[in-house]
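Below: one structure, written as structure tokens.
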Amino acid sequence: MPISDPLVMPLAREMLACLRAAMLDNPDPPGRVGLRPGTVVDHLMSSLGDDECCEGLAWVRPGDFYPSSGTFPVQDEQPNKQGTLAWAVTLELGAIRCAPTPNAEAIPSEEEWEATTERVMDDMAAIRRAICCFIEAKPGRLQRVLPGVWTPLAVQGGCVGGILPVTIRGPHCDCAEPVSS
């Protein structure tokens, strides 16, 4: 059986290790930090009966990847005689928290919204620290990592947070035969 993707997964796992370490420095770290697949991370997904959102959830989600052999992170527009020389890999880092929802007869107080905003922004600061950790892990990586724009996430299912994509110049072509375990 072949081992997992040799292009994307090593980068995702390394970023995840940095994100886990950075989140531990938060005053109220999220209860769950992990990898998530797909086009978006569903805020309403829960596992084992636990509410991941209200426990706090942070993730690394493998996103787009494309050939970028010339000027990083521009996508190659022409075939290369030598094949793809380099790839650009986008990872999404994100975090969500419970939005204040006191009960049907009340609205959240200013203090509740402020506390939630602080937790979300602490998570975003941890995401920035994770990106720095990832860059500093290997000499020469600075010119190969391009953070994108932080985007707040709308309240969905009682959860609120944000995401930040990071595009990384990955390794050369991985066209060799898969490695078996």
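Residues considered: L85, L93. Of these, the only one that is surrounded by fewer than 16 Cβ atoms within 10 Å (Cβ to Cβ), touching a residue at least 12 places away in the same chain (Cβ under 8 Å) and of a type in the set (A, V, I, L, M) is L85.
Contact map, region 35-46: residues that are within 21 Å of M15 (Cα to Cα) and open to solvent by 60 Å² or more (accessible area, probe 1.4 Å) paired with residues that are modelled with pLDDT of 70 or more and in a loop (DSSP other than H, G, I, E, B), Cβ distance under 7 Å, separation 6+ or inter-chain. No pairs are found.
For the criterion of being within 18 Å of D28 (Cα to Cα) and open to solvent by less than 70 Å² (accessible area, probe 1.4 Å), C159 passes.
Scan region 109-148 for residues that are open to solvent by less than 80 Å² (accessible area, probe 1.4 Å) and of a type in the set (S, T, N, Q) and jot them down. Passing the criteria: S109, T116, T117.
The values are calculated or read from the model by the stated rules, or taken from the named source; none is laboratory data. Note that the coordinates shown come from a computational prediction; the quantities given were computed from them, not determined experimentally. Methodologically, a virtual Cβ is constructed for each residue, glycine included, from the backbone with ideal geometry; neighbour enumeration extends over all protein chains shown. Only protein heavy atoms, including side chains, enter the accessible area calculation; ligands, DNA and RNA are left aside. Shrake-Rupley method; radii C 1.70, N 1.55, O 1.52, S 1.80 Å.
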